[in-house]
1. Sorting 282, 162, 304, 168 on the 10 Å Cβ count, fewest up front, what's the list?
2. Go ahead and collect, in residue order, the members of the stretch 243-263 whose backbone nitrogen is under 19 Å from a label point 7 Å along the Cα-Cβ direction of residue 308.
3. Which ordering of 302, 232, 80 is given by a fewest-first count of other beta-carbon atoms within 10 Å?
4. Suppose R0 equals 30 Å. What FRET efficiency, 1/(1 + (r/R0)^6) with r the Cβ-Cβ distance, do residue 9 and residue 369 give to the nearest 0.05?
5. How about residue 319: which aspartates and glutamates have a C-alpha closer than 13 Å to its C-alpha, ignoring those fewer than 8 places off in the same chain?
6. Which FRET efficiency, nearest 0.05, do residue 339 and residue 232 yield, Cβ-Cβ r, R0 25 Å?
7. At most 16 other Cβ atoms within 10 Å plus a DSSP loop assignment makes a site exposed; report the longest stretch of the chain without any exposed GluC sites (Glu not before Pro).
8. To the nearest 20 debye, what is the magnitude of the charge dipole of the stretch 116-228 about its Cα centre, counting +1 on the Cβ of each Lys and Arg and -1 on the Cβ of each Asp and Glu?
Amino acid sequence: MISRSDFGADFKWGVSTAAFQIEGAHGIDDKVPSIWDEFTHRKGKIHKGHHARMACDFYNLYPQDLDAVRNLSIPNFRFSLSWTRIINRDHSVNEKGIAFYNRILDGCLARGLEPWVTIYHWDIPHFLEEKGGWTNRDIVSWFGEYVEVCAKYFGDRVKHWMVMNEPMVFTGAGYYLGIHAPGRKGLSSFIPAMHHATLCQAEGGRRLKFLLPQAEVGTTFSCSHVEPLNNSPAHQRAAVKIDALLNRLYLEPSLGMGYPVKDISLLSRVEKYMKAGDEQMMAFDFDFIGVQNYTREIAKRSWMIPILFATLVGAHKRKVETTLMNWEVYPASIYHMLKKYGAYEKVRKIYVTENGAAFEDSLLNGRVEDKRRVKYLHDYIAQVHRAKQEGVPVEGYFVWTLQDNFEWAEGYRPRFGLIYTDFETQERVVKDSGYWYRDFLEEKIVIS
Ligand code: GAL
């Protein structure tokens, strides 16, 4: 039996969101377009042509959404700032955007909620993408200036910062595969984007810490426990490469270990973009790392994939239980990732800053009986506890996400929320999983 108190009184329980996925209010109060505003207008990029012009209308409905967080007894609320509301095309500050985030922050504090802020959750201004976006090294100063504005205006109230959300996903899906904004493809886009994101990750940390020495400064990483298809050495080598790519690529440079070039030789192409001193610039001593885990991956050797010679075996081919994203439900993945990251000497503290699942939810007579999500959260939280008991310095857990929202290229199809969103009426209905999480947090139920 595990109850909330078994994690300790200081353990941070929360829920995570991201600006573009919930805010809507496209173009309102002089917001400039982001790469995602642009991408969602392109034909064939998003499931059924969905867009996020309205999303959950959090821009207007935030009072009721923050009320819901409080009513579910969730003490910590993670959200991201939209660069495009805060910085104008001429690089001046948009006071209306600042005012919006002031309302959110004050709204959190008035309700006794602790705000956790992500500086960059994938929505770079389109006017910067026109200059090359993440592939242009100038982004180190563009990003640095944006970070300083955030620190200056919000640092009096924000005590927990995350510089970035999942750099592997926004560079991999956005600059290599082309399935996320800005839809660019190939190594010639990916490698410079990767290097500049790595520099910005550390530079953002440095600037925040310099301006706000008392604040807790971290950054987040996507990760999946990787296993080989079987014990053959070829598949094992493939698993090492995939693991390096998915789980080590952005963490290790921040720890001063450089890129994992030994395991992925194609990364040596980054030399073309490296300048003297970059190895040091890529490193920053974060107070914590955010671990974001949903599933596990199985890797195999493949002749079909040039350069890497490794690929993933999709969950549907393995006949395992999956979520609506076709991700395997595999609770021990989070345990393995926490153990792996906890074993790095320089990782001081870990928060699980995202974990959750999309399932087929239906609203029937005012209720959403999402049994599978309850079980998913239950089983993953139990694995977090297992890692903690074994000495991993994991100090928090945040569910992805508060309410069903705009799930990037998948549009509104996958529903991840603890709260059901009716996207026609903007009505919200707390799902059974939301009540389950509340009851767990209120120590009315335990994990068995
Ligand atoms: C993460 C991402 C979130 C959310 C979630 C579910 O990768 O940070 O924005 O979309 O996945 O897919």
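Any read-out appearing in this document is the output of simple, stated calculations on the displayed coordinates, not a laboratory observation. Bear in mind that the values here come from a model prediction, so they are computed numbers and not experimental data. Cβ: placed from backbone, ideal geometry, glycine included. Neighbour counts: every protein chain shown.
1. Working: 282 24, 162 28, 304 6, 168 20.
Going from sparsest to densest Cβ surroundings: 304, 168, 282, 162.
2. 243-253, 259-263
3. Values: 302 16, 232 12, 80 24.
In order of increasing Cβ crowding within 10 Å: 232, 302, 80.
4. Details: r = 32 Å, r/R0 = 1.08.
That gives a FRET efficiency of 0.40.
5. List returned: 328.
6. Numbers: r = 25 Å, r/R0 = 0.99.
Working from the Cβ atoms, E equals 0.50.
7. On the way: sites that count: 130, 321, 345, 360, 369, 390, 424, 442, 443.
Within the chain, the longest run free of exposed GluC sites (Glu not before Pro) spans 131-320.
8. Values: 10 positive and 11 negative charges, 31 e Å.
About 140 debye.
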